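The values are calculated or read from the model by the stated rules, or taken from the named source; none is laboratory data. In this text, all values refer to a predicted model and were calculated from it rather than measured experimentally. Here the Cβ positions follow ideal geometry from the backbone for every residue, glycine too, while neighbour counts run over all protein chains shown. Each accessible area value is taken on the protein alone, full model and side chains, heavy atoms only, with ligands, DNA and RNA left out. Shrake-Rupley method; radii C 1.70, N 1.55, O 1.52, S 1.80 Å.
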Amino acid sequence: MSKNKLVDYIQLALAAARITYGDFTGLVIQGVKYLPRVLAILVAVVIIVVLLPALFIWSLFTGDSTTPSGTFSEIAVESMQYKDDWITVMSITQTKKILTCSGKADLQGAYQAMKDHKIREYLQSDPNVTGDTMDVYNRNLELMQNMLSGYAGNEYFYDEITKSNSWETVTKKHSDIFGYNVLEATVKTKDGESTKVIYSSHDVVSFKEDAGVIKIKYQEYSFKAYFPIAKEYTASFIDDFGAGRTHDGKAVSHEGNDIFAARNTPILAIEDCTIKKIGWNSLGGWRILLMSGDGHRKYYYAHMENYSEKLQKYKNLSSKVVDNPGIGVKAGEVIGYVGSSGSFTSNTPPGADTGTPPHIHLQMWVVNKGWFSDKETLIDPYYCLKFLANNKYSEDLQLYKEKLDMEGL
């Protein structure tokens, strides 16, 4: 387009505006007229897109204080008895606590309401509760599913029993009494044959007989995710999310939780994840960003002393950060070691004394649905860490997993 044509178009546009609004006075009047409406829309957008997700996440932890069954982590652990329904039961329970401002947790009542398809009636049973209770519940349910969906499920374990000389054929059978698979053996009697339950401790997945030993793979509904520090090591943490910090002389807000442990303590992946970013940063030192397999959670670990052997090729002090290297890590897998790299003064090298004990800085985001698109909300990871502190990876667990692989079960 030539310069003259552009000028012509601008003049035509100005002429059209003058015809409509009278030398722009009408345009200003229209703008002033609609300004309150425009501001109201902008405020509503801010509330819907920014504040509501944060408020709903905050509401999950309402009442997380003194009652024995009232804290978020305790309710989560107790809810696991309902297996596949545990997050739904927990969401109903937490919503009830929010609406009634109660510290009590009624898991059985929540479970019964779910079974009877009477969640609304249960939430509104208190005469002081008004408004759209199901909207609050549905938002809490979505957020809890996104926060916790990878944290529990059927996990596989190993067991074995010695075979008796009286046992003939051994088979896996579903037991109506126990509600899951058990092992039965055929036993010869003087009148012929009978069957006998020989293993009912757990739900049997598969088994094999080997040199007089019956080796069993069984499953239990239990934790699938782990605290970032294994059971054999000492670690401590508090809820320091939002606390004041100073980095390079500047006041900032702490956006995660610090987990303190001895230098070079192994750091574990919380759950099955893929690496989204890895590399050096002057503030975070050796860092790694993981995304859960279902894409609902992100974890950021910082201040590592070192990466695991598997990740050594990403140690590059030139601040090169690698995006999406295509590497997966398993729940409980060592990804690095506790240290103090980066820390309060930029570019603090690994092994340096920063005045703060060695620790890992952990941040967590939850992906939740916004009005316009899915968004990642930074949350206080303390509540999830308190929950996961009930399940720490151990050498025994590692031995069981290795045994299952070795036996081909």
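What to note about this one:
- Among the strands (runs of 3 or more DSSP E) confined to the range 265-313, there are none with at least 1 residues that are free of Cβ contacts under 8 Å to residues at least 12 places away in the same chain, in contact with a Gly (Cβ under 9 Å, 6 or more places away or on another chain) and surrounded by fewer than 19 Cβ atoms within 10 Å (Cβ to Cβ).
- Residues located in the range 347-379, provided they are at pLDDT below 70, assigned to a loop (DSSP other than H, G, I, E, B) and either open to solvent by less than 20 Å² (accessible area, probe 1.4 Å) or not aliphatic (A, V, I, L, M) (or both): N347, P349, P350, G351, D353, T354, G355, G370, W371, F372, S373
- Exactly one residue out of A235, A225 is under 22 Å from N154 (Cβ atoms), at pLDDT 95 or above and either touching a Pro at 6+ places or on another chain (Cβ under 6 Å) or aliphatic (A, V, I, L, M) (or both), and it is A225.
- Of the residues making up the range 116-155, just one is touching a helix residue (DSSP H, G or I) at 6+ places or on another chain (Cβ under 6 Å) and within 23 Å of E402 (Cα to Cα), namely A152.
- Considering residues of the range 63-96 that are open to solvent by less than 40 Å² (accessible area, probe 1.4 Å) and outside any helix (DSSP H, G or I) only, the residue modelled with the highest pLDDT: T71
- Residues of the range 139-156 satisfying the condition of being assigned to a helix (DSSP H, G or I) and open to solvent by 10 Å² or more (accessible area, probe 1.4 Å): R139, L141, E142, Q145, N146
- Cβ-Cβ contacts under 8 Å between residues 6 or more apart (or on different chains), taken from a first residue in the range 97-121 that is closer than 16 Å to F72 by Cα and open to solvent by 40 Å² or more (accessible area, probe 1.4 Å) to a second residue that is assigned to a helix (DSSP H, G or I) and of a type in the set (K, R), are listed as K104/K97; D106/K96.
- From the options K215, K172, K188, residue that is open to solvent by 40 Å² or more (accessible area, probe 1.4 Å), in contact (Cβ under 8 Å) with a residue 24 or more places away in the chain and in a strand (DSSP E or B): K172
- Residue ID - nearest to K83 (Cα to Cα), chosen from residues in the range 191-206 that are part of a strand (DSSP E or B) and over 33 Å from the mean Cα position of the chain (by Cα): Y199
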